[in-house]
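Every number here is computed from the coordinates shown, using simple stated rules; none is lab data. Predicted model only: the values in this text are computed from it and were never measured. Cβ placement follows ideal geometry from the backbone for every residue including glycine, while neighbour counts extend to all protein chains displayed.
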Amino acid sequence: MPRIVDTIRGRRSVRTFEDQPLAPEDRAYVERVIQSIETPFGTPVEFRLLDAAEHGLKSPVVVGAHDYVAAKVKRVQGAELSLGFAFETFCLRAAERGLGTVMLAASLSRKSFEKAMEVGAGEVMPVASPVGYPAAKLSLRESMMRKAIKSAERLPFSQIFFNRSFGTHLSPAEAGHFEEPLQMLRLAPSATNKQPWRAVVGDGVVHFYEEHSLKESALGDIQKVDMGIALSHFWLTAQEQGLEGRFVTLDPAIAVPQNTEYITSFEAAR
Ligand SMILES: Cc1cc2nc3c(=O)[nH]c(=O)nc-3n(C[C@H](O)[C@H](O)[C@H](O)COP(=O)(O)O)c2cc1C
């Protein structure tokens, strides 16, 4: 299996696909992956692999896809975090097999997806993704989109990670054994590439925060899905590096900037 850090470094969103359905062995792989994903946050996430033609699934930004994966959760506290974590784990496992994905919150025929997912009154389906074989060349629309939202760029490490308080920037060297998990978190995908994640590092602990920069919709806070995605990068990298620990809710007693919300903390095992 490839190293998770290499998969994360090599990943990008894919919107332009070879015009062919998944081969039976890849379909079976996707089914296996989506049935076995676990998250450290507890809320169960239900995935389905869907045939685009059968369910009338469409996206104005996707070309060539025959198959989609969608996921839904109960509308409970922490649901978006679990969903983001689980969905990104699926996207990374797909990338390990050479399959392309892109999470779509806005650019999809939402009604047909929700029907195919049988989304009930107390449930939400924040995102879905095509899954297939990446085409060699990006569509013109995809190239233009990537440029417009600067998809290949990320905020600098020291601008989003802090040392003990939001007043002191953290250098990669100061992050110690948290450096690699934080470097991989930094590369996470997010809605319109807003990168809402912030983190404050203390002794053996990292506190994670969300900087709100998009309005909430009826679907909830999409940036909480981003936070779940980011935490999956952190967690999968920590696991690969043998950095044991767990996510816990603490009261860090750290003064937070405006529009910034505490999410969770990672406590390293002693
Ligand atoms: C929660 C979420 C929602 C997204 N929604 C859309 C969408 O509706 N349409 C779209 O074209 N891309 C969407 N994206 C893809 C982002 O634009 C993309 O991840 C970001 O620009 C970074 O590019 P990269 O994934 O290639 O690194 C979404 C990504 C996330 C994480």
Hits in segment 214-236 (condition: surrounded by fewer than 23 Cβ atoms within 10 Å (Cβ to Cβ) and farther than 15 Å from Leu83 by Cα): Leu214, Lys215, Glu216, Ser217, Ala218, Leu236
Number of the exception - Glu88 against (1) buried (at least 20 other Cβ atoms within 10 Å of the Cβ); (2) touching a residue at least 60 places away in the same chain (Cβ under 8 Å); (3) within 16 Å of Ser112 (Cβ to Cβ): (3)
Output for segment 111-122, where each listed residue is closer than 24 Å to Thr192 by Cα and in contact (Cβ under 8 Å) with a residue 12 or more places away in the chain: Ser112, Phe113
Those residues of segment 95-134 which are away from the ligand (no atom under 15 Å from the Cβ), in a loop (DSSP other than H, G, I, E, B) and of a type in the set (A, V, I, L, M), in sequence order: Met117, Val119, Ala121
Leading residue by the ranking (surrounded by the fewest Cβ atoms within 10 Å (Cβ to Cβ)) among those in segment 160-213 that are of a type in the set (A, V, I, L, M, F, W, C) and under 16 Å from the mean Cα position of the chain (by Cα): Leu187
Qualifying residues in segment 1-60 (those that are part of a loop (DSSP other than H, G, I, E, B) and aliphatic (A, V, I, L, M)) - the one farthest from the chain's Cα centre (by Cα): Ala23
Filtered residue count, segment 69-81, keeping only those that are outside any strand (DSSP E or B) and either among the aliphatic types (A, V, I, L, M) or under 19 Å from Leu49 (Cβ atoms) (or both): 3
Positions within segment 56-80 being farther than 20 Å from Phe90 by Cβ, among the charged types (D, E, K, R) and within 14 Å of the ligand (Cβ to nearest atom), in sequence order: Lys58
Hits in segment 147-201 (condition: away from the ligand (no atom under 12 Å from the Cβ) and part of a strand (DSSP E or B)): Phe161, Phe162, Asn163, His169, Arg198, Ala199, Val200, Val201
